[in-house]
Every structure is written in structure tokens, then in C-alpha cells.
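Contents: one structure, followed by commentary.
The values are calculated or read from the model by the stated rules, or taken from the named source; none is laboratory data. What you see is a predicted model, and the numbers here were worked out from it, not measured in a lab. Cβ sites come from the backbone with ideal geometry, for glycine too, and all protein chains shown count toward neighbours.
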Amino acid sequence: MARLPRDRWPTHEALTALAADVGVLTASGQPVRFMPPQPQKARDGLGYEARIALTGQVVTRGENWHDLLNALAWVSFPRAKAALSAAHAERLSQGGTAEARQRSPARDALTLFDEGGVVVVASDPAWFGLIRAHAWKRLFWERRIALARDVRVIAFGHALMESMLTPYVGITARAIFLPADAGLIAAAPDDQRTAADAFVSEAVMRAQRESSVLAQSPLPVLGIPGWHAEGECESFYDDQAYFRPLSRAAPEQGER
């Protein structure tokens, strides 16, 4: 965002130039370009995902936070976004009109992460276990000092970022877990982002190869220390409508 104008919404040309500077490509090698929605009579019949896969064109509404943040996600996580786009396009091609009419569980999982995903980075897998167990108070309150020291949560989803413009209790992300050594935890944010980009890309491609659902866990992100003012009060974490206990009747996305 520091490379974009501060006094006005960026144009499609400015966003495309930013992507070109970084070398953002689709999985098929098409340069990513951001374009405004086309009038009905000028449309080519391609759907949103198919157009990206075939042409590299990402339809982007002007003066729209959701679409601007999606464009910035492409620039920030180019490998992961390309893998997600390719996976959508492949499943649409395989599923035909039925898939286009109603997303399959596999493609639904891709959308959930694309829109609301985070990457949780930790060297100790016990942190991932606390999230899977929905041990929210222990995670966010009882171990908050260690959490801030030993864990990094990297926001990925553009809808999640849009929600954080006006935060409300209820925002829940979809987390995937990146096991890492202590060096990555202490690394510069750009290095962490690059590692997360590669990890998400590989996770998406692996799910495609195995015809499986991208595994992810719900994470009530306003519980992360520093993400919401009420998180400074212990009682905040007693709200089970937000910090929901684990229900075996509702398995995590991708759980087998």
C-alpha cells in the first residue's frame, strides 16, 4: 500500500503496474491484470475464475475495499493466489455446469480460505493443538505472553481484512498451520509473508493432487492480543457465542 497514492483510490492501471513490478503471474504464466467490470453486451461469457485462468484478467470494481484488498493480496501472496485460482478453474472445468451452479465442498473450502484465511506460524505444534481443541481462553489469555513471543498469525483473506476496517465481535478466520523453526518466527515480516505464500501454494496444490478438501480450522481472531481492545479483559474470553467450544458434530473444514 505504501507504493500506491495516499490521496485517491488507485486506478486499475496503477494496480496492474504494481503487479507487473512484482512479477505476478497466474499458474499458466499469464501476467495478472486488474480490469473494471464490463457491460453485459461486451462480456465474453467467461466466469470470474475462468477469466483469470485463461487471460490473467482479474475483474476489480473501482473504489471498492473488498476488490482493492483482493488486488493487494495478489501482489502480496502471488503464488498462493495463483494456486487458488488454478484450483478453482480446474474444479469448474471438471464439474461443469453443476459446479458452476453450486460450489462443491472442495471449492467451498478454497473460497473460505481465499476470503477469510490466516496462516498460523509456530515451531511448537502444541499451539496448533490448542486451536484445534478450541481452547480459546488458554490460548489467548492464559498463554498470551508466550503466544505473542512464539506464534505469528499472518492475515491472508481479503474479506477478513475488509472486516477489520470496522471490527465486530464475531469475525472468524480460517486457519492453516505452518510449522516453522524459531528463525522464521523472528524473521522480518516480508520473509514471513514469503514463506506463508509458498506454504499456502503447496497446500492448495497438494489438495488438488489428492482430490481432497483444503484442511483448515476456525479461529476467532479478535482474541489475538492486540487485535481488539476488549481482548485486554479476561471476561472477553468467556463469551462462548464467539469463543465457541469444540463441537464434534461440526468438524473442521477438511477434517477426515
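Odds and ends about this structure:
- Applying the criterion of being under 28 Å from Pro167 (Cα atoms) and of a type in the set (Gly, Ala, Ser) to the residues of region 202-230, the residue that is surrounded by the most Cβ atoms within 10 Å (Cβ to Cβ) is Gly223.
- Which numbered condition Ala50 misses (of (1) assigned to a helix (DSSP H, G or I); (2) buried (at least 20 other Cβ atoms within 10 Å of the Cβ)): (2)
- Single residue of region 114-134 satisfying the filter (within 17 Å of Phe243 (Cβ to Cβ) and touching an Asp or Glu at 6+ places or on another chain (Cβ under 9 Å)) that is surrounded by the most Cβ atoms within 10 Å (Cβ to Cβ): Trp127
- Assessment of region 238-252 against the conditions (touching a Leu at 6+ places or on another chain (Cβ under 7 Å), surrounded by 12 or more Cβ atoms within 10 Å (Cβ to Cβ) and either more than 23 Å from Ala126 (Cα to Cα) or in contact (Cβ under 8 Å) with a residue 60 or more places away in the chain (or both)) yields no matching residue.
- Residue within region 115-134 that is free of Cβ contacts under 8 Å to residues at least 60 places away in the same chain and among the polar types (S, T, N, Q) present: no
- Members of region 154-190 found to be β-branched (Val, Ile, Thr) and farther than 16 Å from Ile131 by Cβ, listed by number: Thr166, Val169, Ile185
- Flag for Ala2 being at pLDDT below 95 and either at negative phi or not basic (Lys, Arg) (or both): yes
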